Amino acid sequence: MAVKKVLIVDDVTTELKRLEKIVVDAGYTAITAVSGKDAIDKTREQHPDAVLLDVIMPDMNGFQVCRAIKANDATKGIPVVIVSSKGEKTDKAWGAEQGAQGYITKPYTSDQIVTQLRAL
């Protein structure tokens, strides 16, 4: 399945807009969410082909969101890529354990985001 529609989740507006520009410029359709709950709702309602997910957010962290997406039969097949400032080996291992298919550490480049989306 080729990725066409990407849900971008980040509570920081500048990060959200930067990722949205990268995704749109690469030819994908972007949907955005600013919280964990918003991300779960939009994943269920809009069925994106992939999710770019921040970890540090106020209502639910990205690991909890990833777990919720993967626990739902309707959304468990959607690939999740974590995009976070948390870059320790343990963070990456925990992300994979929650079901994330990729992990990109901030600061990132446009190429890293696009390459990861193309690899899904």
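Can you tell me the length gained on complete extension of the stretch LYS17 to ASP41, counting 0.36 nm per residue apart and subtracting the Cα distance? The partial results should precede the final answer.
Working: separation 24, 0.36 × 24 = 8.64 nm, distance 1.99 nm.
Length gained between LYS17 and ASP41: 6.6 nm.
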Exercise. Treat each spin label as a single point 7 Å out from the Cα along the C-beta direction, and report the LYS4 to ALA74 distance in nm.
Key: 2.0 nm
Self-check item: Cβ-placed point charges (K, R +1; D, E -1), dipole of region 23-67 about Cα centre in debye, nearest 20
Solution: 160 debye
Quiz item: Of GLY95, VAL55, ILE69, whose Cα points farthest to the positive end of the dipole of region 34-120 (charges on the beta-carbon: +1 Lys, Arg; -1 Asp, Glu; origin at the Cα centre)?
Solution: GLY95
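Which value, in debye to the nearest 20, describes the size of the charge dipole of region 70-120 about its Cα centre when Lys and Arg Cβ atoms bear +1, Asp and Glu Cβ atoms bear -1, and nothing else is charged? Spell out each step's value before the answer.
Values: 7 positive and 5 negative charges, 5 e Å.
In total the dipole reaches around 20 debye.
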Quiz prompt | Gained length - LYS106 relative to LYS89, 0.36 nm times residue gap less alpha-carbon distance | solution = 4.7 nm
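Ignoring ligands, DNA and RNA, what percent of the accessible area of the chain is carbon or sulfur (1.4 Å)?
On the way: 3110 of 6020 Å².
The C+S portion of the solvent-accessible surface of the chain is 52 percent.
If you place +1 on the Cβ of every Lys and Arg, -1 on the Cβ of every Asp and Glu, and leave all else neutral, what size is the dipole of the chain about its Cα centre, to the nearest 20 Debye?
It comes to approximately 220 debye.
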Self-check item: Kirkwood Rh, angstrom, region 12-99 [1 / mean 1/r, Cα pairs]
Solution: 13.3 Å
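The values are calculated or read from the model by the stated rules, or taken from the named source; none is laboratory data. The structure presented is a predicted model; accordingly, all values stated were derived computationally and were not measured. A quick note on method: Cβ atoms are made from the backbone with ideal geometry, for glycine too, and the neighbour counts reach across all protein chains shown. In case anyone asks, the SASA skips ligands and DNA or RNA and just uses the protein heavy atoms, side chains included. Shrake-Rupley method; radii C 1.70, N 1.55, O 1.52, S 1.80 Å.
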